[in-house]
Amino acid sequence: MCSGSVKYAREHVKRYWAFSYRRALGVAMVTFALALAIGITFSSMLQAFNIVNYPVQAIFWVVLTALTILVLIVNFVQAHISSVRYMDEEEHRHHYRHMGAWVAVLAFSALAFMVPAFYFSSYLEPLTLMFSFGGILWISYISVAAIFKHYYHEIAVGAAVLWAVFGISLFSTYNSSPYADLGAFSLFISILTLIVTFGAVGITMLSNSTKAFMEEFEASIPRGRPGRAARRRR
């Protein structure tokens with residue numbers, strides 16, 4: 001897939017861009033999954049010990065969110081800097097224009113898909129998180145394909161999983177027992193699905209980026225020439 005990506009750049013720049021951003025997206029997803037898991041664990045622990053302290057929970061979530069955002073920003077800045085260092089002036093100019101368009105699309109789509117999560121105030125509200133984040137993943141996949149001509153299929157799989165679980169859960173709530181605690185069910189399913197999906201997709205992207213890097217490295221080694229260790233043994 002790398003040969004068709006970032007059409008304004010040279011071949012080696014295309015491959016490195018695909019590698020660096022797959023790794024950055026993988027780190028971002030794993031970071032999000034870990035932060036969500038830590039936050040939910042902390043809130044559950046307070047509830048288990050019957051500790052009702054909303055200011056402490058609010059401060060914890062604010063600090064956790066700030067740290068997560070900081071990690072994501074540093075991660076993507078490093079990916080951007082590492083990829084543009086190999087570009088010439090013409091490639092650099094095109095890349096900044098494309099990156100600006102991509103960031104704008106992501107920002108507006110994220111706002112649009114997060115609206116349903118704030119609109120619902122019933123037991124369905126937690127379920128809308130899967131729809132919202134699934135939509136953000138779909139826009140991420142489609143925008144990268146349209147703007148950079150590259151396809152991170154792991155993101156599409158994650159988006160499909162989130163929307164599939166959202167649809168199944170929505171159907172289940174409408175056909176559940178009237179005595180069931182639908183709010184707790186919705187929250188449990190949503191949080192569990194988000195953590196598992198983002199964690200699995202992130203780890204897969206990190207694994208695939210490492211695999212691609214190793215393949216590039218092995219392809220660069222001249223065939224038929226013994227390595228330094230082999231020459232020493234002779």
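Structure notes:
- If the condition is being surrounded by fewer than 17 Cβ atoms within 10 Å (Cβ to Cβ) and assigned to a helix (DSSP H, G or I), then segment 181-211 contributes 183, 184, 188, 192, 196, 203, 207, 210, 211.
- Where residue 57 falls short, out of the listed (1) more than 23 Å from residue 198 (Cα to Cα); (2) within 24 Å of the chain's Cα centre (by Cα): (2)
- Flag for residue 214 being closer than 23 Å to residue 12 by Cβ and either touching a Cys at 6+ places or on another chain (Cβ under 8 Å) or modelled with pLDDT under 90 (or both): yes
- Inter-residue pairs, beta-carbon under 6 Å, first modelled with pLDDT under 80 and in segment 106-126, second open to solvent by 40 Å² or more (accessible area, probe 1.4 Å) and not in a loop (DSSP other than H, G, I, E, B), 6+ apart: 117/129
- Of all residues in segment 57-85 being within 23 Å of residue 10 (Cβ to Cβ) and touching a Phe, Trp or Tyr at 6+ places or on another chain (Cβ under 7 Å), the one that is modelled with the highest pLDDT: 79
- Residue satisfying condition, being more than 14 Å from the chain's Cα centre (by Cα), aromatic (Phe, Trp, Tyr) and either buried (at least 18 other Cβ atoms within 10 Å of the Cβ) or closer than 18 Å to residue 29 by Cα (or both), within set 113, 108, 133: 113
- Taken over segment 144-170, the criterion of being surrounded by fewer than 18 Cβ atoms within 10 Å (Cβ to Cβ) and not aliphatic (A, V, I, L, M) is satisfied by 149, 151, 153, 163, 167.
The values are calculated or read from the model by the stated rules, or taken from the named source; none is laboratory data. Computed from a predicted structure; not experimentally measured. All Cβ positions, glycine included, derive from the backbone under ideal geometry; neighbour counts span all protein chains shown. The protein model used for the area step is the full one, side chains on, heavy atoms only, and it has no ligands, DNA or RNA in it. Shrake-Rupley method; radii C 1.70, N 1.55, O 1.52, S 1.80 Å.
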